[in-house]
Structure formats: structure tokens, C-alpha cells
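Single-structure report; data block below.
The values are calculated or read from the model by the stated rules, or taken from the named source; none is laboratory data. Everything quoted here is computed from the prediction, not taken from an experiment. So basically every Cβ, Gly included, is an ideal-geometry build from the backbone, and we count neighbours across all protein chains shown. Accessible surface is based on the protein model in full, side chains and every heavy atom, while ligands, DNA and RNA are left aside. Shrake-Rupley method; radii C 1.70, N 1.55, O 1.52, S 1.80 Å.
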Amino acid sequence: MIKLDESWLKHLSHEFEKPYFEDIKSFLKSEIEAWKTIYPHPKNIFNAMNYTKFNDLKVVILWQDPYHGVWQAHGLSFSVPDNIRKPPSLQNIFKEINTDLWKEIPESWNLERWAKQWVLLLNAILSVEKSKAASHSKIWWQNFTDEIIKTISREKDSVVFLLWGNFARQKKSLIDTSKHYVLEAPHPSPFSAHSWFFGCKHFSKTNEFLKEKGKEKINW
């Protein structure tokens with residue numbers, strides 16, 4: 001049974017009936033039965049939508065797939081639970097927040113607090129095998145998450161989309177840029193953060209846009 005918030009089920013329930021989604025479930029079941037470790041834990045795969053209800057979401061931060069290190073992934077893009085090693089990309093995100101908004105870098109890098117402020121932290125691929133990056137990139141997850149992006153674009157107005165890195169920027173074609181605010185930058189990984197992720201000021205720009213639209217700013 002899919003445990004997904006009702007506000008999302010209203011728009012996505014038809015996707016669970018399609019053949020590709022049955023294939024996803026069969027694949028994950030077979031991997032688990034083969035004693036492979038899958039991240040995030042199955043109960044957390046849809047955390048992004050369960051924390052951030054469709055009716056309230058204001059911002060989308062898109063990433064490729066979950067962290068594949070031990071217990072790092074918990075269903076929210078870029079986020080790690082408390083007391084888990086802090087990934088370099090997330091370190092660079094907080095460095096940019098520090099210089100953009102003059103906010104101190106917090107002790108906790110669990111981004112549930114962003115999700116609860118209606119920031120959808122969406123991975124395009126919702127699962128991964130332990131220690132094998134992008135190992136589930138071909139199991140049809142993007143059929144599902146592309147539909148999420150298209151539904152947000154079609155059904156909502158004035159959402160901010162933060163697209164970092166070439167993979168995320170390819171999703172721009174799914175977004176109606178005439179009614180949404182799309183910000184693009186290189187990925188915050190150590191390999192590309194100095195190529196203009198640092199200095200992109202996406203966090204202040206997001207808050208300025210939300211203020212213009214009469215929406216509450218995000219406490220980054």
C-alpha cells in the first residue's frame with residue numbers, strides 16, 4: 001500500500017495504477033528479498049511529499065537520487081538525519097546561505113524544517129542501493145517524479161524551482177516558466193560549487209520573490 005499524503009494522492013493516484021509503477025514495486029521487492037540494502041528505508045521513500053503537502057508547497061529543490069552512504073538518505077533531497085556525517089554538497093549549501101543571508105551554519109543539517117515550511121525536497125530517483133550511486137536510475141522512478149513536476153507546474157502558480165546542476169536543469173522543460181520562478185545554478189558539489197553556485201544568492205532571491213507574491217519567507 002502506498003502511504004502518501006492525501007493532497008498528493010488527489011493528483012497522483014492514477015500513476016500508481018500504471019504498469020511502470022508495478023515494475024518499480026516488483027524491482028524493489030526483489031532487491032530486498034535478495035538481501036540488498038536500499039536507501040532510504042522503504043517507509044521514508046515518499047517523505048518529501050508527506051512532509052510538504054501539495055496545497056501548501058512554495059519551493060521545489062530538485063536533486064538526482066538519494067545519498068548512498070550508510071543511513072544518510074531519509075527521503076528529502078540533500079538532507080541527512082541528525083548525527084549522520086554531513087555530505088560536502090550540503091556543506092556548500094550552508095556556506096552559500098551563510099554568505100547570502102548572513103545566517104550562522106546550524107549544528108543540525110536535517111532539512112525537515114525546510115520541508116515543514118513547504119519546501120519540496122524532491123529526488124528525481126527515489127531509491128538507491130547502498131554504496132552504489134545512481135544504481136536505481138533506470139527503474140522508472142523518473143516517470144513518477146516527472147509527473148510530480150508537471151503536476152505542480154500545471155496546477156499551481158508562483159512556485160520557486162531551484163535547479164542545481166545539469167541533471168536538475170534538464171527538468172526545466174517540464175515547468176511553465178511563464179507562471180513559475182526558475183533559478184538555475186551549478187551543482188553545490190565540491191567539483192562545481194566554485195563555478196557560480198557560490199554567489200548565486202538563490203536563497204535571498206527566493207525569499208524576495210515569495211515576499212512579492214504575499215507569501216511568508218523561508219527561514220533557511
Scanning the range 122-154 for residues that are under 14 Å from M49 (Cβ atoms) and out of contact with any Ser or Thr (no Cβ under 8 Å at 6 or more places or on another chain) gives F144, T145, E147, I148, I149, T151, I152
Scan the range 1-55 residue by residue and report those that are charged (D, E, K, R), open to solvent by 70 Å² or more (accessible area, probe 1.4 Å) and closer than 22 Å to W71 by Cβ.
K3, K29, E33, K36, K43
Within the range 130-165, which residues are assigned to a strand (DSSP E or B) and touching a strand residue (DSSP E or B) at 6+ places or on another chain (Cβ under 8 Å)?
V160, F161, L162, L163, W164
When residues of the range 170-214 are limited to those that are of a type in the set (G, A, S) and open to solvent by less than 60 Å² (accessible area, probe 1.4 Å), the one farthest from D56 (Cα to Cα):
S192
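Could you run through the range 98-120 and say how many residues are hydrophobic (A, V, I, L, M, F, W, C), farther than 25 Å from N50 by Cβ and in contact with a helix residue (DSSP H, G or I) (Cβ under 8 Å, 6 or more places away or on another chain)?
2
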Does L76 satisfy being buried (at least 19 other Cβ atoms within 10 Å of the Cβ) and at pLDDT 95 or above?
yes
If I ask for residues that are touching a Pro at 6+ places or on another chain (Cβ under 7 Å) and not hydroxyl-bearing (S, T, Y), which ones from the range 127-155 would you list?
V128
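Table: residues versus (1) open to solvent by less than 20 Å² (accessible area, probe 1.4 Å); (2) farther than 21 Å from P188 by Cα; (3) over 15 Å from the mean Cα position of the chain (by Cα); (4) of a type outside the set (V, I, T).
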| residue | (1), (2), (3), (4) |
| --- | --- |
| D82 | no, no, yes, yes |
| E104 | no, no, yes, yes |
| E107 | no, no, yes, yes |
| W118 | no, yes, no, yes |
| I149 | yes, yes, no, no |
| D157 | no, yes, yes, yes |
| L163 | yes, no, no, yes |
| A168 | yes, no, no, yes |
Looking at F78, F21, F46, F94 in this structure, which one is among the aromatic types (F, W, Y) and farther than 26 Å from W220 by Cα?
F21
Failed condition for K217, given (1) part of a loop (DSSP other than H, G, I, E, B); (2) more than 16 Å from the chain's Cα centre (by Cα); (3) surrounded by fewer than 17 Cβ atoms within 10 Å (Cβ to Cβ); (4) touching a residue at least 12 places away in the same chain (Cβ under 8 Å):
(4)
Pair list, Cβ < 7 Å and 6+ apart or interchain, from the range 8-19 residues that are more than 20 Å from S153 (Cβ to Cβ) to residues that are aliphatic (A, V, I, L, M) and outside any helix (DSSP H, G or I)
F16/I2
What number of residues in the range 155-196 are acidic (D, E) and over 21 Å from T52 (Cβ atoms)?
1
